[in-house]
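Enquirer: Sharing a structure with you now.
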Amino acid sequence: MSNPTAAAPEPIPECPHCQKPMPLCICDSVTPVKNRLGLLILQHPQEQDRALGTARLLAKHFEDATLRVGLSWPSLSKALGQPIENASYWAVLYLGSAHAADLEAEAEIVALNRKGEIAENQRALLGKLEGVVLLDGTWSQAKALWWRNPWMLKCQRVILNPKSPSRYGRLRKEPRKDGLSTIEAAATILASLEKRPDFAETLNASFERMLTRYREVQAEMPELAPKPAVKDRRRSVRRGKRA
Ligand SMILES: [Zn+2]
């Protein structure tokens, strides 16, 4: 039965772009497009979920996207690596939530004021935005990034009011309070702010492809795509329930 040539398994190469094991990589299917709003993704250093993470895959979709791994940066300019004169023209996707009843049913993205309440002049606040900061990690990792980077208080806080739940389904504990993966959050924000529904279609399709690949690999090579621990998924907290 034993095959002497198969004694030591070859290490499985990793994609230099998405850093996933090659069997899980879908980078070949992604062509970067021009985006008007800048995109800055800050990833917590302990966000180790290379199999199911989406930050690098997201960054690969846009010409103007920056991904930084770390815990804190002195300013938005330093995090971005280029000078930004007015941080209030950049949105940061905030982790808190507003009462669903307070949200306009139509709005998928909502600007908050400095008190964390829904701002009055949504159109003006969202219309002037030049870039978006996303925090990539679990809920507690993203919270740590928020607290360690006080310059984010100068940014325009926004929250999401997603129309549909995350495509992660049961694969992963919901990483954010709004239940979306980083790539799905970006799909909602960029499509809405840039009025480019095709952005959302492309990003969500890539995410679906990534999950399909994950499920296929999980069936064939479970060591590459281990079943994540799923605990306490309270679907009932999902916002925006529509009958
Ligand atoms: Zn890749």
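Enquirer: Can you list the residues, at least 5 places off or on another chain, whose amide H is less than 5 Å from the amide H of Phe62, using H built in the peptide plane?
Expert: Val33
Enquirer: Based on Cα positions only, what radius of gyration and what Dmax would you give for the range 33-218, in angstroms?
Expert: Taking only Cα atoms of the range 33-218, I get Rg and Dmax of 15.4, 48 Å.
Enquirer: Another question about this same structure. Any idea how far apart Lys115 and Glu220 come out in nm if each label point goes 7 Å out from Cα toward Cβ?
Expert: 5.7
Enquirer: Based on the Cβ-Cβ distance of Asp28 and Gln82, what FRET efficiency does E = 1/(1 + (r/R0)^6) give at R0 = 35 Å, to the nearest 0.05?
Expert: In this case the efficiency is close to 0.75.
Enquirer: Search the structure for amide H atoms under 5 Å from the amide H of Leu112, placed 1.01 Å from N in the peptide plane, and list their residues when 5 or more places away or on another chain.
Expert: Amide H neighbours of Leu112, under 5 Å, 5+ apart: Ala119, Arg157, Val158, Ile159.
Enquirer: Further, regarding this structure: Enter the accessible area of Glu130 (Å², nearest 10), with the probe set to 1.4 Å and all protein chains included.
Expert: So the heavy atoms of Glu130 present about 100 Å² to solvent.
Enquirer: In sequence order, what are the phi-derived ³J(HN,Hα) couplings for the range 69-86 according to the Karplus relation 6.51 cos²θ - 1.76 cosθ + 1.60 with θ = phi - 60°, rounded to whole Hz, with x for glycine and proline?
Expert: 9, x, 10, 8, 9, x, 7, 4, 4, 5, 5, 7, x, 7, x, 10, 6, 10
Enquirer: Holding the Cα-Cα limit at 26 Å, pick out from Lys34/Lys78; Lys128/Lys163; Lys163/Lys195; Lys20/Lys128; Lys20/Lys154; Lys34/Lys115 the pairs that are longer than that.
Expert: In this structure, Lys20/Lys128; Lys20/Lys154; Lys34/Lys115 exceed 26 Å between Cα atoms.
Enquirer: Along the Cα→Cβ direction, 7 angstrom out, place labels at Val69 and Ala124. What is the inter-label distance in nm?
Expert: 4.3
Enquirer: Still on this model: If I model a spin label at Gln19 and Ala107 as a point 7 Å from the Cα along the Cα→Cβ vector, what separation in nanometres do I get?
Expert: The answer from the label model is 3.5 nm.
Enquirer: Given a cut-off of under 8 Å on Cα pairs at least six residues apart, what relative contact order in percent is computed for the range 35-166?
Expert: Taking the mean separation of contacting Cα pairs over the length of the range 35-166, I get 38 percent.
Enquirer: Whole number in Å², please: accessible area per residue of the range 33-218, 1.4 Å probe, ligands, DNA and RNA not counted.
Expert: Value for the range 33-218: 46 Å² per residue.
Enquirer: Oh, and also: What is the magnitude of the charge dipole of the range 33-218 about its Cα centre, with +1 placed on the Cβ of each Lys and Arg, -1 on the Cβ of each Asp and Glu, and no other charges, expressed in debye to the nearest 20?
Expert: Dipole of the range 33-218, to the nearest 20 debye: 500 debye.
Enquirer: With just the Cα atoms defining each centre, how far is the range 133-149 from the range 45-78? Give it in Å.
Expert: So the two Cα centres are separated by 11 Å.
Enquirer: In terms of modelled amide H atoms, which long-range or inter-chain residues lie less than 5 Å from the amide H of Ile41?
Expert: Thr66, Leu67, Arg68, Leu134
The values are calculated or read from the model by the stated rules, or taken from the named source; none is laboratory data. Because the structure is a prediction, the values reported are computed rather than measured. Note that each Cβ is placed from the backbone with ideal geometry, even for glycine, and that neighbours are counted across all protein chains shown. Please note that ligands, DNA and RNA were not included when accessible areas were found on the heavy atoms of the full protein model with its side chains. Shrake-Rupley method; radii C 1.70, N 1.55, O 1.52, S 1.80 Å.
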